[in-house]
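As structure tokens, the structure follows; a few thoughts come after it.
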């Protein structure tokens, strides 16, 4: 990286006059900025008192002001806000969650990324180098907040989707960023050619293997072409098994994932908002009852056995005709860090709906024992929550924030763009929780 370019980056923006966040107009935010005496190194901390506009009944509001002592006038290592350039809160919330992912941040801070860095595609490579600079600026503990202007421009140069000033989806941005980091840090370079598909005879032999043999075989095929810090930290594997209901013949496939997208199993009454994705919101759908559910119900819905019948019958290779079949998904390889995407948004025709259901999420000891294959059932299957990306408001005027554990105690930091405060653990999850970041517990 060009050292002069790195030194000339805009790192700090101080004061409300330089903050064009999408929530800056909220009167609840006026007059609450705190800064140190040195304007060049002053930190900006604010208690998160914002309540998103157009808030629907049953929808979460941001955590109420929690009067904690100011963290530091000159910043704290890893506790740094991010400037919002107007509807870039989706990007800020994801960055904060990734900064809280200690193995990934350590990888960038100690410089290991430079050994793996691939510059075959300049646009994608620029995203990675600019992200590394953002990590360094945020982790110095020198600033209250930083202005990731160059990183945002690198994203825009690389992806048309994130080029404008529209509010984008944090889940889609997280997927894009992780994919980009993987492609530019993949140690399998040049990549070997893809392996051919199995023949019919090989597929039959494959079905005779046990779950562990199958999983290992497919995982090894994957890592022959993919080996990066992203695969090491975030990559898991799903087993998908079809079974003929007539002859019980099975067909098993495996695919990798960097996040689990979980459905929220609720009735239509739980849809809180209906709006045109490109226009003003329609009248809100007010739920008659919005009882909370727990995340295990989401996992059950994800792993529920699906029956393929009628037009969806499966062409059984054993029977040689279409038969009713079952389809079952199980986790066959657990990642170090599990990202869970709660599917709050759905598209119906030209409209998008948002679910405001409160999903109860444990901050410690989320167990996946019931959702893994027998081949890994004896491994550690519990996870602890360490970061949450939240979405407040409606489809047309939403706002993203992040809650991130400090990793050393029960303290959590709440990031609302440039403003940072501490919140109690009881305020970490709500019906605004959208992306969840869990770290796998290790055996003692």
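Note on residue 321 and residue 110: the extension gain reaches 70.2 nm, defined as 0.36 nm multiplied by sequence separation minus the Cα-Cα distance.
For the pair the stretch 352-393 / the stretch 120-140, the C-alpha centres are spaced 29 Å from each other. For 245, 138, the sequence from fewest to most other C-beta atoms within 10 Å is 245, 138.
Fewest-first ordering of 374, 240, 405, 175 by other beta carbons within 10 Å of each residue's beta carbon gives 374, 240, 175, 405.
In terms of its C-alpha gyration tensor, the stretch 290-410 has an oblate overall shape, because the principal axis ratio a/c (a ≥ b ≥ c, square roots of the eigenvalues) is not below 1.5 and a/b does not outweigh b/c. Compute the Cα gyration tensor for the stretch 99-151, then decide on rounded, prolate or oblate, letting a ≥ b ≥ c be the square roots of its eigenvalues: rounded whenever a/c is under 1.5, prolate when a/b is larger than b/c in the other cases, and oblate in all that remain. Cα axes put the stretch 99-151 in the oblate bin. Here the residues 223, 99, ranked from fewest to most Cβ neighbours within 10 Å of their Cβ, fall in the order 223, 99.
Taken together, the values in this text are just the output of simple stated rules run on the coordinates, not laboratory data. Note that the coordinates shown come from a computational prediction; the quantities given were computed from them, not determined experimentally. Positions of Cβ are backbone-derived with ideal geometry, glycine not excepted, and every protein chain shown enters the neighbour counts.
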